[in-house]
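Working notes for the structure below.
The values are calculated or read from the model by the stated rules, or taken from the named source; none is laboratory data. What you are looking at is a predicted structure, and each value in this text was computed from that prediction instead of being measured. We place every Cβ from the backbone using ideal geometry, glycine too, and count neighbours over all the protein chains shown. Areas reflect the complete protein model, heavy atoms only, side chains present, ligands, DNA and RNA absent. Shrake-Rupley method; radii C 1.70, N 1.55, O 1.52, S 1.80 Å.
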Amino acid sequence: MAGLDELYREVILDHYRNPRRKGTLSGDHVHAEGNNPSCGDEFFLDLLVEDGVVVDAAMLGQGCSISQASGSMMMDAIVGQSVDDIQDLAGKFRIMMTIDEGENPVDEERPGSVLGDLEALQGVRKFPVRIKCADLAWTTLAQALDQTAS
Amino acid sequence: MSDLRALRADFPILSREVNGKPLVYLDSAATTQKPQSVLDAMNSYYENSNANVHRGAHTLAVEATDLYESARTKVAAFIGTSPSQLAFTRGTTTAINHIAYGWGLHHLSEGDKILLTIMEHHANIVPWQLVAKYTGAELVYLDLDDDFGVDTSELDKVLDERVKIVSFSGMSNVTGALGPIDVLSKAAASVGAISVLDAAQLVPHTNVDVEALGVDFLAFSSHKMLGPTGIGALWGRADRLEEMEPAEGGGEMINVVERHASTWAPVPHKFEAGTPPIAEAVGFGAAVDYLSAVGMDNVVAHERSITAYALDRLSEVPDLTIYGPKDVSKRGGAVSFELGDIHPHDIATILDQDGIAVRAGHHCARPLMKYLEIPATARASFYLYNVPEEVDLLVESLHKARGIFGLV
């Protein structure tokens, strides 16, 4: 059962049950919606980006603990960060979800790129069919950031 | 309990392990496992008789054609009909699409109505949405009653001469609820509409005498009744099949082809364009042979007892909610449930670690999920090879899931 212990860490269950920044933004913001049609998981993201920095964000979603906890942790990780640092973080997250076990994906040199709680999602790698759950919030984030770039 | 336990030895896959535990396969509503006799029949076809059907005078072509057509005869006999009324299709979905495109498109116009129920699988919704889009017809749904059955009490309000098609499931793949076949087929006939029965879950799990059901069309799949994927059947009343246009054109389905027009082969061949899945048809035939040898009455009795046992054991699990009828005479062996705030995908992952295969998600029935106001369910579904000990393992693993998620 070691695999399950690694998958369902306490911090993941906490984010699942108490998602951070749940809600919507009013006023100016970009909005993106992601879903996994095969399982029905949904993630709605509002972002307020000013001068290249994500100054506010809100999420709504429904789905499994992994998809929702990943989204909640992402909210904690991105607010107050520059878009550049967030892109970097997203890259590190992608690497974490794909690299072989044993390698440390975390780069402490850049403050914006520390995965923090997100490292708890490393256990998902042992459950390949669940990686798309962890990715949902991040693909939604990419859509939202694309809108701010245009 | 009607004990079919000895049959398990006929299914090679049931002896494998998953994650170091014996496989507990509780996903037969998605697809069933295959007995050795089905695998052997398909292999034997390829090893000894492989050729294209209905063309060529050589010995192999004749053998392949005989095997293909005898499979049709077996499958037709299994539902109590003549092979001339049974077309092979890719599965239930394709069969319903044949009806939608071959009949619906040519008989509906703007303002006409297609009556469905809210418990339909996407396969019995989306083809009708396409027909509605092309013809200007509209979809109308019947809701459910308090016991997850289709509520027919308001039928009079939606039933009028603009209803041209009534299409409904014989057994829900989500709740297991049986469909009101008699009521809806008679209602359809009373306004001159055709009735279409999605029997993907019904034919594998009940004794079907199709001529007695009163419906115009019926669709089912081989892979949900011990046969291979890639083949299913479309049955129709003889006059309906005659008035239906082919939805697909090509080889095999023609009589004479001219430069600008063609005539069709007789029913059912006019619905079988191109080289059919021959080995799959042979496997389908072997599957109905297997089920007939076991006896569908025994299959039904076994499923009822194991479903009753499962409903009983699951009701002991705290925080567990079952979405479906509790009375086994009103349902089949697909049991959908939620467990506290544990998402069904998480349940499925935890069960999988114990070698238990269940389905999690919306089960291709998103409108039903919306109607029930739930995002997803976990579903355990049973067939003739399941045994009560597997229900016990399921319950044990659900308790483990409660522990991991800190439910007390």
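Within the range B:67-122, the set of residues being within 20 Å of B:Leu226 (Cβ to Cβ) and hydroxyl-bearing (Ser, Thr, Tyr) comprises B:Tyr68, B:Ser70, B:Thr73, B:Thr81, B:Thr89, B:Thr92, B:Thr93, B:Thr94.
Here B:Ile347 clears all of (1) open to solvent by 10 Å² or more (accessible area, probe 1.4 Å); (2) aliphatic (A, V, I, L, M); (3) within 14 Å of another protein chain (Cβ to nearest Cβ) except the condition numbered (1).
Among the residues of the range B:243-261, the one identified as touching a residue at least 40 places away in the same chain (Cβ under 8 Å) and not in a loop (DSSP other than H, G, I, E, B) is B:Glu243. When B:Ser397, B:Ser381 are checked against the criterion of being touching a residue at least 24 places away in the same chain (Cβ under 8 Å), within 13 Å of chain A (Cβ to nearest Cβ) and either open to solvent by less than 20 Å² (accessible area, probe 1.4 Å) or among the charged types (D, E, K, R) (or both), a single residue qualifies: B:Ser397. Considering the range B:35-144, the qualifying helices (runs of 4 or more DSSP H), each wholly inside and each with 3 or more residues that are farther than 30 Å from B:Val183 by Cβ and open to solvent by less than 30 Å² (accessible area, probe 1.4 Å), run over B:59-78. None of B:Ala310, B:Ala286 is surrounded by 14 or more Cβ atoms within 10 Å (Cβ to Cβ), under 30 Å from B:Ala6 (Cα atoms) and in contact with a strand residue (DSSP E or B) (Cβ under 6 Å, 6 or more places away or on another chain) except B:Ala310. Any residue at all in the range B:53-72 that's closer than 20 Å to B:Ala238 by Cα and of a type in the set (Phe, Trp, Tyr)? No; the residues of the range B:53-72 include none that is closer than 20 Å to B:Ala238 by Cα and of a type in the set (Phe, Trp, Tyr). So, B:Ser185, is that one in contact with a strand residue (DSSP E or B) (Cβ under 6 Å, 6 or more places away or on another chain), crowded, with 24+ Cβ neighbours inside 10 Å and either of a type outside the set (Lys, Arg) or at positive phi (or both) or not? Here the answer is no, as B:Ser185 does not meet what is asked. The residues in the range A:120-150 that are open to solvent by 40 Å² or more (accessible area, probe 1.4 Å) and either within 12 Å of chain B (Cβ to nearest Cβ) or at positive phi (or both) can be counted, and the count is 4. A search for C-beta distances below 7 Å between a residue of the range B:262-278 that is of a type in the set (Phe, Trp, Tyr) and any residue that is not in a loop (DSSP other than H, G, I, E, B), counting only pairs 6+ apart in sequence or on different chains, returns B:Trp264/B:Ile254; B:Trp264/B:Asn255; B:Trp264/B:Lys270; B:Phe271/B:Ala87; B:Phe271/B:His98; B:Phe271/B:Leu234. Look at B:Ala279 and say whether it is at pLDDT 95 or above and buried (at least 18 other Cβ atoms within 10 Å of the Cβ). Yes.
When we screen B:Ala365, B:Ala360 for residues that are in contact with a Pro (Cβ under 8 Å, 6 or more places away or on another chain) and either within 21 Å of B:Leu14 (Cα to Cα) or crowded, with 18+ Cβ neighbours inside 10 Å (or both), the only hit is B:Ala360. Sort out which residues of the range B:306-356 are of a type in the set (S, T, N, Q), touching a residue at least 24 places away in the same chain (Cβ under 8 Å) and closer than 16 Å to B:His399 by Cβ, and write them in order of number. Passing the criteria: only B:Gln353. Looking across the range B:357-378 at every residue that is of a type outside the set (A, V, I, L, M, F, W, C) and in contact (Cβ under 8 Å) with a residue 60 or more places away in the chain, the one that is nearest to the other protein chains (Cβ to nearest Cβ) is identified as B:Arg366. Selection of the range B:151-169 for residues being open to solvent by 30 Å² or more (accessible area, probe 1.4 Å), within 16 Å of B:Ile194 (Cβ to Cβ) and within 25 Å of the chain's Cα centre (by Cα) yields only B:Lys164. Condition first: charged (D, E, K, R) and touching a residue at least 40 places away in the same chain (Cβ under 8 Å). Now tell me which residues in the range B:384-394 satisfy that. Within the range B:384-394, B:Glu390, B:Asp392 qualify.
Looking across the range B:159-203, the residues that are farther than 19 Å from B:Gly91 by Cα, of a type in the set (S, T, N, Q) and outside any loop (DSSP other than H, G, I, E, B) come down to B:Ser185, B:Ser190.
For (1) within 16 Å of B:His223 (Cβ to Cβ); (2) of a type outside the set (A, V, I, L, M); (3) touching a Lys or Arg at 6+ places or on another chain (Cβ under 9 Å), each residue gets a yes or a no:
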| position | (1), (2), (3) |
| --- | --- |
| B:Ser262 | no, yes, no |
| B:Ala265 | no, no, no |
| B:His269 | no, yes, no |
| B:Ala273 | no, no, no |
| B:Ala279 | yes, no, no |
| B:Leu291 | yes, no, no |
| B:Val294 | no, no, no |
| B:Asp297 | no, yes, no |
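Of all residue pairs spaced 6 or more apart or on separate chains, those with beta-carbon atoms under 9 Å, a first member in the range B:282-305 that is under 15 Å from B:Leu202 (Cβ atoms) and a second member that is modelled with pLDDT of 95 or more and aromatic (Phe, Trp, Tyr) are B:Val288/B:Phe78; B:Leu291/B:Phe78; B:Met296/B:Phe78; B:Val299/B:Tyr383; B:Glu303/B:Phe382; B:Glu303/B:Tyr383. Regarding B:Arg8, is this residue assigned to a helix (DSSP H, G or I), of a type in the set (D, E, K, R), outside the structural domain of B:Leu393 (by TED's automatic domain parsing) and surrounded by fewer than 20 Cβ atoms within 10 Å (Cβ to Cβ)? Yes.
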